[in-house]
Amino acid sequence: MAFKTLLAVAIAYFISASAQSNSPYCDSTSGICYQGYTDPEMEMTIGFVLPPLTDPPSNEFIAQIVAPASYGWTGLSAGGQMAESLLFTLWPYNGEVMLGPRWASGYVLPEPYAGPTITLLPDSTVNSTHIKASFRCQNCTVWEGGSFGSGDLNSFQLIAYVASTTVPVDDPSDIASSLEEHNEFDFFGLDLTTVHDPNYSSYINGGSATSTAAPSSSSAPSSSSSAPSSAPPSSTSSASGAVQTQWGQCGGTGWTGPTVCASGLTCIAVSPPYYSQCQ
Ligand SMILES: *[C@@H]1O[C@H](CO)[C@@H](O)[C@H](O)[C@H]1NC(C)=O
Ligand SMILES: *[C@@H]1O[C@H](CO)[C@@H](O)[C@H](O)[C@H]1NC(C)=O
Ligand SMILES: *[C@@H]1O[C@H](CO)[C@@H](O)[C@H](O)[C@H]1NC(C)=O
């Protein structure tokens, strides 16, 4: 029933136009700058950053979800609605970030969705108070039944976020776990003219933590937090002459890190011209 309410509120949002909208913020750990929204009641922060506009357009983005660690699960809809949207579900399990893409044909339990490639960035963490997932999502701007900005990445996208504040998922160890309906939801409007960041290519491997001057406190996150479904981005090496490890960045626009891959790996332009990766 709340799913129906979600739809009704989405429609009301378009009519009222008085709703909340994005503003810029930078994550102090990664240095990645997002356009997003912090909901003071649900205590959640949602952010997006996209590559510069190109023709043809890139099919990826980086998104961030920060939520209280006490919540059973939280979710995000890149299409602003439940049905026929690219959805994400997130919860902590044993100190790890459990994040996965989902999709639903209607107002039913969303099932895991094949298609997107999700890579958790190194600043993703679970601590005593919060879960934070920062993730690169490739093949994520078009999905079955819809697309980001309705196909125009310089337009507008309504973003929906939900939370089950008390009820955990049925099996938190399983990224594909069934789950109970959320009890909280809200929306913000994302102005897509503001989300294209020329520094995107430097964000892909985790942001400034990997390249620019390191903060004095060596805040190296003990990154044990990677979802089973994704390959953890590795290597935070920034020394010139360094060798990149598997799945690490080895080239692309603005890249100043290592360009040589470890033995047995090849540097492949996976998202030219922005990003090359050791595979
Ligand atoms: C991209 O995602 C769609 C589903 O949205 C899927 O059908 C397609 O196979 C994916 N493409 C690649 C190259 O993974
Ligand atoms: C826990 O994580 C949140 C979100 O990343 C952060 O704002 C907060 O400072 C962290 N708390 C501690 C004690 O590290
Ligand atoms: C891109 O990065 C440079 C160097 O870190 C910074 O000066 C600039 O403000 C950044 N641009 C944006 C749009 O964030």
Original post:
What's the center-to-center distance, using Cα atoms, between the range 110-156 and the range 240-260 in Å?
Top reply: 24
**OP:** For the range 51-209, report the translational diffusion coefficient in µm²/s to the nearest whole number, using Stokes-Einstein at 37 °C, 0.692 mPa s, and a Kirkwood Rh over Cα pairs.
**Re:** 205
Subject >> Karplus (6.51, -1.76, 1.60) ³J(HN,Hα), θ = phi - 60°, over the range 146-163, in Hz, Gly and Pro reported as x >> reply: x, 7, 5, x, 6, x, 10, 6, 10, 10, 9, 9, 7, 10, 10, 9, 9, 8
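Bear in mind these aren't lab numbers, they're just calculated from the coordinates by the rules spelled out. Computed from a prediction, not measured in an experiment: that's the story for all the values here.
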